[in-house]
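The values are calculated or read from the model by the stated rules, or taken from the named source; none is laboratory data. Keep in mind the model is a prediction, meaning the values are calculated, not measured. Cβ: placed from backbone, ideal geometry, glycine included. Neighbour counts: every protein chain shown. Keep in mind that these areas ignore ligands, DNA and RNA; they rest on the heavy atoms of the full protein, side chains included. Shrake-Rupley method; radii C 1.70, N 1.55, O 1.52, S 1.80 Å.
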Amino acid sequence: MEKRASALDTLRSLGVPHIETELEEETMADATSGKPTVLVTRRLPDAVHDRLMRDYDARLNPEDRLYTKDALIRAAEGADAILPCHTEHFTEEVFASLPKSVRIIANFSVGYDHVDVAAAKKHGVVVTNTPEVLSDATAETTILLMLGAARRAGEGERLVRSGGWKDWSPAFMVGRAVTGKRLGILGMGRVGQAVADLARAFRMEIHYHNRARLSPDKEQGAVWHDSLNDMLPHCDFLSLHCNVTEETRGIMNAARFALLPDGAVLVNAARGAVVDDDALVDALESGKLFAAGIDAYNNEPNVDKRLIALDNTFLLPHVGSANRETRDAMGFRALDNLDAFFAGREPGDRVA
Ligand code: 8YV
């Protein structure tokens, strides 16, 4: 009991948020057991939570509030690991201030552009991600965005809900066909390939740009372009699935939108950072793009107001992987990585 009180006092004095909540019991565990302590930044799916609580001493965030940088650093005091999402940013500055006790960051995400990998290496912190398990979910979302943008689903939904739907005619709310059109995929990794699989059901002609050409069994007849600029004129639909790197940041700029056929549709379920928003808005306003379906934005969750104001955008709130099965699998994958690390093995999904 004494130990419990002093641990709570320590955490309070460090300014760790949520300490007055029902989580005191769980927060306490790390002061009393020999299990590794994991700071979990966001609320996890129930099944993942249960496994976490069984195997680790967890510091949780029951209110699921976004940590500020300073609160995150304070909350990590004495923790052995952090299990964050893409909502927390691990910059050089954060790594420099993180307690030395933190030896691994096991992300609950496949994307890790929120982590400065070079800084992690410099500070000797291992970083893992959760590949594979969310490819199908993200591909489903991509098809949803493609159809939603092409068939004006957002506009139609808003019209019905607002009570503004008054009439019907053959000219009413006409969109673009998806079936049989050309789909360009930028980044033909696991998600890009899963999107191509689904798009084949729409008899789409698949083009892709990737650093390396895929083997014929993976390519399945898709047309490889060794340069993005060469691919763009062939894209009635362009879907982005590349990682954010110095090379791909803002890769869809004004010059590249200009290379698309008139009336093309852009889909982004990857990261906002690969698109230059000014160029995107211009292309949507001018009609160069018929529409855009977007799930990932610059400066999330503060979506560019110009994208919100446009009728020809179909917008989702970064829900690419948001189904129960996938979120469970992502959490288990993050825990597998922690388990391996604390058992002295190499985590399967190590990226730094
Ligand atoms: C995740 C994603 O849900 O895994 C990713 O990279 O973009 C999403 O689908 C999210 O990032 C969880 O942190």
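Take 333-342, 182-191 and order them by the average number of nearby Cβ atoms within 10 Å per residue, most first; the result is 182-191, 333-342. Can you classify the range 93-222 as rounded, prolate or oblate using the Cα gyration tensor, where a ≥ b ≥ c are the square roots of its eigenvalues, rounded means a/c under 1.5, and otherwise it's prolate if a/b beats b/c and oblate if not? It comes out oblate by the Cα gyration axes. Can you give me the C-alpha center-to-center distance between the range 244-261 and the range 73-103, rounded to a whole angstrom? Cα centroid to Cα centroid, the span is 33 Å.
Residue ranges 344-351, 145-152, 289-296, 208-215 sort as 289-296, 145-152, 208-215, 344-351 when ordered by packing (mean number of other C-beta atoms within 10 Å per residue, highest first). The mean sequence separation of alpha-carbon pairs under 8 Å and at least six residues apart, normalised by the residue count of the range 135-315, gives a relative contact order of 23 percent.
Beta-bridge orientation, the chain: approximately 5 percent antiparallel, per DSSP, counting only bridges with both partners inside. Could you list, in their original order, any pairs among 181/288; 166/305; 122/218; 181/305; 69/100; 218/288 whose Cα atoms are separated by more than 26 Å? Beyond 26 Å: 166/305; 122/218; 181/305; 218/288. Taking the average, over residues, of other Cβ atoms within 10 Å as the packing measure, peptides 245-254, 38-47 rank 38-47, 245-254 from highest down. The trypsin sites (Lys or Arg not before Pro) found in the range 53-134 that occupy coil by DSSP, while having at most 12 further C-beta atoms within 10 Å, are 100.
Per residue of the chain, the DSSP helices (runs of n ≥ 4 H) give a summed -39500 (n - 2.57) that works out to -11000 deg cm²/dmol at 222 nm. Computed from backbone phi, the HN-Hα couplings of the range 163-180 come to x, x, 7, 10, 7, 9, 7, x, 8, 7, 6, 7, x, 10, 6, 9, 4, x Hz, rounded to whole numbers (Karplus: 6.51 cos²θ - 1.76 cosθ + 1.60, θ = phi - 60°; Gly and Pro given as x). Using only the Cα atoms of the range 168-307, build the gyration tensor, take square roots of its eigenvalues as a ≥ b ≥ c, and label the shape rounded, prolate or oblate: rounded if a/c is under 1.5, else prolate if a/b is larger than b/c, else oblate. Cα axes put the range 168-307 in the oblate bin.
Within the accessible surface of the chain, defined with a 1.4 Å probe on protein heavy atoms only, the carbon and sulfur portion equals 51 percent.
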